[in-house]
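What follows is calculated from the coordinates using simple rules that are stated; it is not laboratory data. These numbers were taken from a predicted model, which means no experiment stands behind them. Methodologically, a virtual Cβ is constructed for each residue, glycine included, from the backbone with ideal geometry; neighbour enumeration extends over all protein chains shown.
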Amino acid sequence: MLPSIQEIKARRKKLGLTQSQLASEAGVSQSLIAKIEAGTLDASYSNAVRIFEAIERLEHKITPLASQIMHAGVQHVKTTDSVGKALKLMKSQDFSQVPVYEGSHPVGSLSDKTVLDKISEGMGMAELSALKVADVMGDGFPVVDEKTPLPAVSSLLNYHFAVLVRKKDKIDGIITKADLMKLVGR
């Protein structure tokens, strides 16, 4: 189902395009775009499809993909590692969270929040450090395809500390909230 024809003007302006530029991309005349936006002409189905396909093509060119913002080479800990070892890695890399793997598959996560929760429950530092990561890990991070657009990744980061990025059948990168904040500063 096509979006409403009234969306054309707003989406064109959001892309920073003139009517002529959109018409060129869609293979229609500039006057057709002007008449549709003014509401003086109802577009044929085929012209509406051409215009919306052009808009969507241009929106996807502009929207960054997960592969463009991820950190390649995911550092992780194993379920069998001690919490102390995991915390050393997190401290040395200045991470607030890290994925937990079993073999080559992500199965959970360890975050500074998880560790602080255990301390708040009264667990001693020595006891916590000696535990296996599997005993304290939280849920795993969501996994997205490398071609997932930034808005979808951003939505996931509202509920998770990080998002893992898959390329083919392998985890190839990670995106955190801090990565998105860096994008805003560019």
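Quick check: the angle from helix 45-62's long axis to the longest principal axis of the chain, C-alpha only, nearest 10 degrees?
Between the helix axis and the principal axis of the chain, the angle is about 40 degrees.
For T80 and K113, FRET efficiency with R0 = 25 Å and r from the beta-carbon atoms, rounded to 0.05? Intermediate results must be reported in sequence, preceding the final value.
Details: r = 22 Å, r/R0 = 0.88.
With a Förster radius of 25 Å, E is 0.70.
Grab the DSSP H runs of the chain that are 4 residues or longer, score each as -39,500 (n - 2.57), total them, divide by all residues and round the 222 nm result to the nearest 500 deg cm²/dmol. Could the numbers behind the result be given before it?
On the way: 11 runs with 93 residues, N = 186.
Helix-only estimate at 222 nm: -13500 deg cm²/dmol.
Give the calculated FRET efficiency between L131 and A152 to the nearest 0.05, with a Förster radius of 30 Å applied to their Cβ-Cβ distance. Kindly include the intermediate steps, with their values, before the conclusion.
Working: r = 35 Å, r/R0 = 1.16.
Efficiency at R0 = 30 Å is approximately 0.30.
What spacing in nm lies between the two simple spin-label points modelled at K35 and L2, each 7 Å away from Cα in the Cβ direction?
Here the modelled spin labels are 1.4 nm apart.
Given a cut-off of 28 Å, name the pairs among K88/K118; K78/K118; K14/K113 whose C-alpha atoms lie farther apart than that in the structure shown. Mind showing how you got there, number by number?
On the way: K88/K118 17 Å; K78/K118 19 Å; K14/K113 39 Å.
Violating the 28 Å Cα-Cα cut-off are K14/K113.
Just want the ordering: H160, H105, from fewest to most Cβ atoms lying within 10 Å of their own Cβ.
On the way: H160 18, H105 8.
Lowest to highest Cβ neighbour count: H105, H160.
Quick one: compute the contact order of the range 7-62, relative version, from alpha carbon pairs under 8 angstrom and 6+ residues apart, as a percent.
Working: 39 pairs, mean separation 20.6, N = 56.
Normalised by residue count, the contact order of the range 7-62 is 37 percent.
Through the Karplus equation 6.51 cos²θ - 1.76 cosθ + 1.60, θ set to phi - 60°, convert the phi angles of the range 66-77 into ³J(HN,Hα) values in whole Hz; use x for Gly and Pro.
Here the 3J(HN,Hα) series is 3, 5, 7, 10, 6, 8, 6, x, 6, 7, 8, 10 Hz.
Straight-line reach from K167: which lysines have Cα under 19 Å away, leaving out those fewer than 8 places along the same chain?
Straight-distance partners of K167: K147.
Give the Rg/Rh ratio for the range 1-49, taking Rg as the radius of gyration of the Cα atoms and Rh as the Kirkwood radius, to two decimals. Intermediate results must be reported in sequence, preceding the final value.
Details: Rg = 9.8 Å, Rh = 10.8 Å.
Value, to two decimals: 0.91.
Name the shape class, rounded, prolate or oblate, that the alpha-carbon gyration tensor gives for the range 49-95, where a ≥ b ≥ c are the square roots of its eigenvalues, rounded holds for a/c under 1.5, and otherwise prolate holds if a/b is larger than b/c and oblate otherwise. Could you put the intermediate results ahead of the total?
Details: a/c = 6.68, a/b = 4.11, b/c = 1.63.
Judged from the Cα gyration tensor, the range 49-95 comes out prolate (a/c at least 1.5, a/b above b/c).
P(r) for the chain: what percent of alpha-carbon pairs falls in each 10 Å bin, starting at zero?
That works out to 9, 28, 21, 16, 12, 10, 4, 0, in percent per bin.
Given Cα pairs under 8 Å that are at least 6 residues apart, what percent is the relative contact order of the chain?
Across the chain, relative contact order equals 20 percent.
Please give every one of the aspartates and glutamates within straight-line cross-link reach of K13, meaning a C-alpha to C-alpha distance under 19 Å, and leave out same-chain neighbours fewer than 8 residues apart.
Once the sequence-local aspartates and glutamates are set aside, what remains near K13 is E25, E37, E53, E56, E59.
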